[in-house]
Amino acid sequence: MRMPKKPFVAALHSSSSSVSSYSPALLLFRPPAPYLPTAGYSRSASKGPMDGVGMEGKRLLAADLGPCDGAGDGGAGNRRIWSSREWGRKIAMGKQIFCNRSLNMKNIIAVGFDMDYTLAQYKSETFESLAYNGTVNKLVRNLGYPCELLEWTFDWKYMVRGLVLDKKRGNILKMDRHKYVKVAYHGFTEMSKEEKVSTYGNTLIRDSFDEPDYALIDTLFSLAEAYLFAQLVDFMDKNPGKFAYGVDYSRMYKDVRAAVDLCHRDGTLKQIVAENPGRYINEDPLIVPMLKMLRNSGRSTFLVTNSLWDYTNVVMNFLCGTHTSHGDSAGDYGWLENFDVVITGSSKPRFFHEENRANLFEVEPESGMLLNTDNGNLIPQVGSTSPRLPPKYLKKACRVFQGGNVAHLHKLLSIASSSQVLYVGDHIYGDILRSKKILGWRTMLVVPELEEEVEVLCQSRGMRKNLQQLRIEQDLVEDKIHHLKWSLKFDIFDTNEEKNLSAELHKLELQREHVRCLHQNAQREFHQKFHKVWGQLMKTGYQNSSFAHQVERFACLYTSQVTNLGLYSPDKYYRPSEDFVPHEYDIIGL
């Protein structure tokens, strides 16, 4: 069994400041009210994981000398790239890069990036709300759904990544790494333990959880459609007569996906973002310094995105170029200086298959015109046999393409071995899994939620320790109960001895129930420190979540922001921490 790695455990338990000892009275938490949307599904945004943490608690965290120092603080060292004179050696835990498999950057000759939700971090409260409203409009006006949907609103904090939608049953699931369903909701109604076991307890069912009956919420783009699906499930259960004959949960999900695709195909979403990118995209002043540092270290940099050139130029110009908050300088192509090759309209994950025969076109940045190429070499245009010169404003020629496949990219960058490429993306299946399994590229996954998760984890170390102590106490009490029951069944006692042992057994059983309730309430409180409904992103109870399992399997590195790469030497040797199996914990004293 693969166990959590040492730094993760150390982050929970190691600190020079004292951790409060176990006190049952501190753990008598009152179970909170269920998390339900209000009538009409109009909700204000739910509180985030940090809500309710007082200033005193934040001061204590800042004063703590443990491994979580500066978990939520940018710090001087986190605002400067590694190559700057002002660089600070200490990197806050929320900004660190975590390693699953050894990666020596000296062996990397090219570093590639996805754009959406990697270099460009969208603001969920505005961008996902925009996508949600567009999808609802398409459902009503194009697909004939009830007009009541137009009154609904989107709670952008409700859904998280790593969930699975059961299309047939209208359920939303969170599983551990063994594919056991730990948290399940039908629409917005929590399923009981008995319902979960009866529905998903079968081993054969547990081994699937994949298309076509299930949908994976593995990217931040999917949060709005998952929330809308839950709303539709609740609405259909209460108003079955408002839907056409034959419409079931699966059909509703299919329609939601169709509406989402319509929003992207007609260009309305991207047009709105392009008109005011500052409203929908977070600025990050460290992107350009990070890219320049990588290029100055002798490495090539490239961009591979599914977005087409017109939108890519607006977004990247906002992030890397001279711009206004309204993106008025879309005609400035200076941001291309930061890359050797840019491939737009890549159609990932198909792009990663060499047998993909998609044509590779070169894009003329000024006009957006597509020029025919032969394996990356320009084919002379009719009426002109002279090659097109690179724009004068580029110090080094960056070529822009559309389509093609990974073989084209390797040739353009003169890459001899796939292991010489590090690719940074946000999508487990679209960016990381395919590039890792098919190509053997080295991979880094961007998990924006990680920064806040680490901060809450650090603040909850005392609670985590109490949970572990309660588990130990529960085990000890149960062992005593089992031993007494065995003795009463097989040993011979006189009447008084048997009466005393029976009384002791009754006390132990009461104690076990008391500790069980304490543990259950404490675990619920700990769960809701991270998210009211779904809990910790990387955990379900004491097991790694299915999302964490995917991160461990397919991402060589993972971190909260792409620019964290700039906080480390471009020649750094990333080494994983030691793995542990259960028998080692007590021996090593973790």
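The values are calculated or read from the model by the stated rules, or taken from the named source; none is laboratory data. Small disclaimer: the values here were computed from a predicted structure and weren't measured. In this analysis, Cβ positions are derived from the backbone assuming ideal geometry, glycine residues included, and neighbour counts consider all displayed protein chains. Side chains included, ligands, DNA and RNA excluded: accessible areas come from the protein's heavy atoms. Shrake-Rupley method; radii C 1.70, N 1.55, O 1.52, S 1.80 Å.
Below are the figures for this structure:
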item	result
Test result for residue 584, open to solvent by 10 Å² or more (accessible area, probe 1.4 Å), within 30 Å of residue 473 (Cα to Cα) and assigned to a helix (DSSP H, G or I)	yes
Test: residue 298 is assigned to a loop (DSSP other than H, G, I, E, B) and surrounded by fewer than 16 Cβ atoms within 10 Å (Cβ to Cβ)	yes
Every residue from segment 85-104 that is surrounded by 13 or more Cβ atoms within 10 Å (Cβ to Cβ) and either over 24 Å from the mean Cα position of the chain (by Cα) or of a type in the set (Phe, Trp, Tyr) (or both)	87, 88, 98
Residue pairs meeting the criteria (Cβ under 8 Å; at least 6 apart or on separate chains; first within 18 Å of residue 416 (Cα to Cα) and in a helix (DSSP H, G or I), in segment 101-118; second open to solvent by 10 Å² or more (accessible area, probe 1.4 Å) and of a type in the set (S, T, N, Q))	105/569; 107/419; 107/420
Unmet criterion (only one of (1) farther than 28 Å from residue 130 by Cβ; (2) touching a residue at least 60 places away in the same chain (Cβ under 8 Å)) for residue 309	(1)
Filter result (more than 17 Å from the chain's Cα centre (by Cα), open to solvent by 10 Å² or more (accessible area, probe 1.4 Å) and at pLDDT 90 or above) within segment 535-569	568, 569
Residue that is most open to solvent (accessible area, probe 1.4 Å), among those in segment 154-184 that are part of a strand (DSSP E or B) and farther than 19 Å from residue 211 by Cα	182
Qualifying position, being in a helix (DSSP H, G or I), open to solvent by less than 20 Å² (accessible area, probe 1.4 Å), in contact (Cβ under 8 Å) with a residue 40 or more places away in the chain and not hydrophobic (A, V, I, L, M, F, W, C), among 521, 466	466
One residue from 94, 144, 88, 134 being among the small types (Gly, Ala, Ser), outside any helix (DSSP H, G or I) and touching a residue at least 24 places away in the same chain (Cβ under 8 Å)	144
Residue in segment 285-292 that is open to solvent by 10 Å² or more (accessible area, probe 1.4 Å), modelled with pLDDT of 90 or more, assigned to a helix (DSSP H, G or I) and in contact with a Cys (Cβ under 7 Å, 6 or more places away or on another chain) present	yes
Selection count where residues are open to solvent by less than 70 Å² (accessible area, probe 1.4 Å), in a loop (DSSP other than H, G, I, E, B) and of a type in the set (S, T, N, Q), scope segment 352-380	2
Those residues of segment 202-219 which are open to solvent by 20 Å² or more (accessible area, probe 1.4 Å) and either within 15 Å of residue 135 (Cβ to Cβ) or without any contact (Cβ under 8 Å) to a residue 60 or more places away in the chain (or both), in sequence order	202, 203, 204, 205, 206, 207, 208, 210, 211, 212, 213
Options 230, 184; residue that is in contact with an Asp or Glu (Cβ under 9 Å, 6 or more places away or on another chain) and among the aliphatic types (A, V, I, L, M)	184
Matching entry among 257, 279 (being farther than 21 Å from residue 142 by Cβ, surrounded by fewer than 18 Cβ atoms within 10 Å (Cβ to Cβ) and of a type in the set (Lys, Arg))	279
The lone exception for residue 247 - which of (1) assigned to a loop (DSSP other than H, G, I, E, B); (2) in contact with a strand residue (DSSP E or B) (Cβ under 7 Å, 6 or more places away or on another chain); (3) not basic (Lys, Arg) it fails	(2)
Segment 427-463: number of residues that are under 27 Å from residue 565 (Cα atoms), open to solvent by less than 10 Å² (accessible area, probe 1.4 Å) and at pLDDT below 90	7
Among residues of segment 560-589, those that are more than 16 Å from residue 451 (Cβ to Cβ) and among the small types (Gly, Ala, Ser), counted	3
Segment 554-590: number of residues that are among the aromatic types (Phe, Trp, Tyr) and either closer than 30 Å to residue 283 by Cβ or touching a His at 6+ places or on another chain (Cβ under 9 Å) (or both)	4
